[in-house]
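The values are calculated or read from the model by the stated rules, or taken from the named source; none is laboratory data. Bear in mind that the values here come from a model prediction, so they are computed numbers and not experimental data. Note that each Cβ is placed from the backbone with ideal geometry, even for glycine, and that neighbours are counted across all protein chains shown.
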Amino acid sequence: MTPTKRLVLSTVGASLLYNHPVGDGSDHRARLNRLANNPTLSPAEAAAIAPSVAQAETTLAGDDLRAIRRASAELNGIYAFYDNQIGRGAQDVHVLVATDTALGRQCATLVADHLHRHGIATILYVVAQLTTASTADFDVGSKHLIHWCAQNIPDYRTQGYRVVFNLVAAFKALQGYLNTIGMFYADEILYLFEGPAASPVLIPRLPLKIDLAALTPFAVPLALMAEAYAELPLADLADLSPALYNTHGDHALISPWGELTWKQIRDDLLGNDLLPFPRLRYEPGFVRDVRGLARPERVQLQATLAQVAAILSEDDGNPARLKQHGGLQYDNYRGKQLQGTPIGHFRFGQGPRVSCIAEAGGLTLRHCGAHDYVNTNP
């Protein structure tokens, strides 16, 4: 029987530096606490932790497995997973999830170097804005992490990888979030029992399912918030669960839990009937063209329509800013008009196009499909 390949995603904290104190231990810990959320370090701050970094490098370069496991919570979990035989992970891929901080990047680099020396394929992923400096930063960073999981993990699973979340290390807020994210993306979540043996606890994924019917009435606001990061009036959300959005005055933004939920239902809500996005009108020819699209193209189209609708709503129907959006490539056809009104077009995906007319405070969409089909039949 062919051994199972694993994708092991490990959260990374700063245990390596905390466990290699220099001078007075309490002063060392206090210094690291002060620097924990700093995106960069000054030369003086870098010099202050340099001895800890050097000691950590020495420990991880040595042969004392007990010392290595005591020094690094991340490696403690990984070695426990392989029953101290790290060579068993030769066909696995490890992803080290680091905070967007100087200490996070430093510790993740040390762990990655150790794994590389043992022949383990390792990806170091520093999640943009993932810090506990503020709730806003943590929310944005969490959304980046959820997006990474949605974009990458299904591909690994298609290639036959079993997905393990190693949540032994990192700060508690990230562990809590990834525990929930893992219920959707991991096959198992790894923790350790306390004590000298530090034996692994593998928690299987629960068979969770999103209530699609309950969220279908909110398809448009969810798409606007998740695909275009639009800020919507709270009044537009009616009875939508507050867990799915964060309030900002009398407006709302998608929350990390909303982002996670959206990733599970996105294809269902965008891959079927046309959604009634604000500032957009659909001509019969456009509706017929949409019906002829394959499901993945329909998802891409409606994700793009959400972005277009959000821009138009923010600018009171003025399409000028659509031209500044590099992904849309919005422009008017040369010499093509309808009753004196220029016919425009924009892109969805890499090739397909949508033809449209700017009128009445929005866009009237005429046709969609392959580049040549739309250009010859706008």
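Out of region 325-335, which residues are more than 15 Å from HIS371 (Cβ to Cβ) and either at pLDDT 90 or above or assigned to a strand (DSSP E or B) (or both)? Selection gives ASN332, ARG334, GLY335. Just one of the numbered conditions (1) over 29 Å from the mean Cα position of the chain (by Cα); (2) surrounded by 13 or more Cβ atoms within 10 Å (Cβ to Cβ); (3) more than 16 Å from ALA228 (Cβ to Cβ); (4) in contact (Cβ under 8 Å) with a residue 40 or more places away in the chain is not true of VAL287: (4). Applying the criterion of being of a type outside the set (A, V, I, L, M), within 20 Å of ASP273 (Cβ to Cβ) and touching an Asp or Glu at 6+ places or on another chain (Cβ under 9 Å) to the residues of region 206-259, the residue that is surrounded by the most Cβ atoms within 10 Å (Cβ to Cβ) is PRO221.
Among the residues of region 184-218 satisfying the criterion of being outside any loop (DSSP other than H, G, I, E, B) and at pLDDT below 90, which is nearest to GLN264 (Cα to Cα)? Steps first, answer last, please.
Filtering region 184-218 for residues outside any loop (DSSP other than H, G, I, E, B) gives 184-185, 188-192, 200-204, 212-218.
Right, trim to at pLDDT below 90 and you get 191-192, 200-204.
Values: TYR191: 25, LEU192: 29, PRO200: 29, VAL201: 27, LEU202: 24, ILE203: 21, PRO204: 19 Å.
Applying the filter and picking the extreme gives PRO204.
Taken over region 181-221, the criterion of being more than 30 Å from LEU305 (Cβ to Cβ), under 23 Å from the mean Cα position of the chain (by Cα) and of a type outside the set (D, E, K, R) is satisfied by GLY182, MET183, ALA186, ILE189, LEU190, TYR191, ILE203, PRO204, LEU206, PRO207.
For region 336-360, the candidate set comprises residues that are among the small types (Gly, Ala, Ser) and at pLDDT 90 or above; within that set, the residue that is surrounded by the most Cβ atoms within 10 Å (Cβ to Cβ) is SER355. Do you know which of the residues in region 182-222 that are among the β-branched types (Val, Ile, Thr) and touching a strand residue (DSSP E or B) at 6+ places or on another chain (Cβ under 8 Å) is farthest from LEU17 (Cα to Cα)? So, considering only residues that are among the β-branched types (Val, Ile, Thr) and touching a strand residue (DSSP E or B) at 6+ places or on another chain (Cβ under 8 Å), the one farthest from LEU17 (Cα to Cα) is ILE203. Scanning region 356-370 for residues that are without any contact (Cβ under 8 Å) to a residue 24 or more places away in the chain and part of a strand (DSSP E or B) turns up CYS356, ILE357, GLU359. Filtered by the rule that a residue be touching a residue at least 12 places away in the same chain (Cβ under 8 Å), of a type outside the set (S, T, N, Q) and part of a helix (DSSP H, G or I), region 168-183 gives ALA173, LEU174, TYR177, LEU178, ILE181, GLY182, MET183. Within region 96-126, being assigned to a strand (DSSP E or B) and surrounded by 19 or more Cβ atoms within 10 Å (Cβ to Cβ) holds for LEU96, VAL97, ALA98, THR122. A count restricted to region 147-156 and to residues that are more than 14 Å from VAL95 (Cα to Cα) and either in contact (Cβ under 8 Å) with a residue 24 or more places away in the chain or assigned by TED's automatic domain parsing to the domain that holds TYR229 (or both) stands at 2. Of everything in region 269-284 that is out of contact with any Ser or Thr (no Cβ under 8 Å at 6 or more places or on another chain) and part of a helix (DSSP H, G or I), the residue that is surrounded by the most Cβ atoms within 10 Å (Cβ to Cβ) is LEU270.
Of all residue pairs spaced 6 or more apart or on separate chains, those with beta-carbon atoms under 6 Å, a first member in region 12-29 that is assigned by TED's automatic domain parsing to the domain that holds ILE68 and a second member that is among the acidic types (Asp, Glu) are VAL12/GLU74.
Selection of first residues in region 219-248 that are in a helix (DSSP H, G or I) and of second residues that are hydroxyl-bearing (Ser, Thr, Tyr), restricted to Cβ pairs under 7 Å at least 6 apart or on distinct chains, gives the following pairs, ordered by first then second residue: MET225/TYR245; LEU234/THR247; ALA243/SER255; LEU244/SER255; LEU244/THR261.
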